[in-house]
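Computed from the coordinates by the stated procedures, all read-outs in this text should not be read as laboratory data. What you are looking at is a predicted structure, and each value in this text was computed from that prediction instead of being measured. Heads up, the Cβs are rebuilt from the backbone with ideal geometry, glycines too, and the neighbour counts pull from every protein chain shown.
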Amino acid sequence: MNLDEFLSAYPEDISKIAAALRDRILVIFPDAVETMDKNNLGFGFGRGYKDLVFVIMPYRSHVNLGIARGAELSDELDLLEGSGKLHRHVKIRSVQELENVDLIQLMRIALQAARDRFHPGT
């Protein structure tokens with residue numbers, strides 16, 4: 001399956017959000033290894049689950065930006081949702097939300113935390 005096929009399973013507005021979120025992730029994390037299954041796009045340091053940093057999870061009314069080990073992050077702006085022991089997500093309902101400087105900063109913090117775990121000292 002390619003990206004266009006993946007996105008075609010969702011309404012046009014959701015596909016646009018997911019595509020724009022993918023672009024935003026790749027700007028912040030240009031060396032990401034991108035993976036795809038029938039429900040999610042993953043971005044990490046390798047192809048395995050333990051290597052994930054971000055996940056794009058489209059739904060009918062929004063797109064979740066999953067942040068691996070997001071429960072460990074400081075979220076002073078209260079952007080993260082979820083109650084799992086490790087992971088958190090941010091619901092994205094429009095392309096314009098991807099310009100939110102707080103969201104961009106959270107993504108940078110999450111990526112740096114992941115780099116520190118996978119590649120200490122970089």
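For this structure, a couple of remarks:
- A dipole drawn for the chain from +1 and -1 charges on Cβ atoms has a positive end, and of Phe6, Tyr49, Val63 the residue lying farthest that way is Tyr49.
- Contour excess over end-to-end distance, with Cα ends at Ser8 and Ser61 and 0.36 nm allotted per residue: 17.6 nm
- Taking the C-alpha atoms only, the angle from helix 12-28 to the longest principal axis of the chain is near 30 degrees.
- On Cα atoms only, tilt of 101-118 relative to the major axis of the chain in degrees: 60 degrees
- Residues Phe118, Phe54, Phe45 in ascending order of nearby Cβ atoms (within 10 Å, fewest first): Phe118, Phe45, Phe54.
- Pairwise FRET efficiency - Ile28 versus Gln96, Cβ, R0 = 22 Å, nearest 0.05: 0.80
- Note on Arg108 and Asp75: the extension gain reaches 10.6 nm, defined as 0.36 nm multiplied by sequence separation minus the Cα-Cα distance.
- Value of [θ]222 nm, deg cm²/dmol, for the chain, DSSP H segments ≥ 4, -39500 (n - 2.57) each, nearest 500: -10500 deg cm²/dmol
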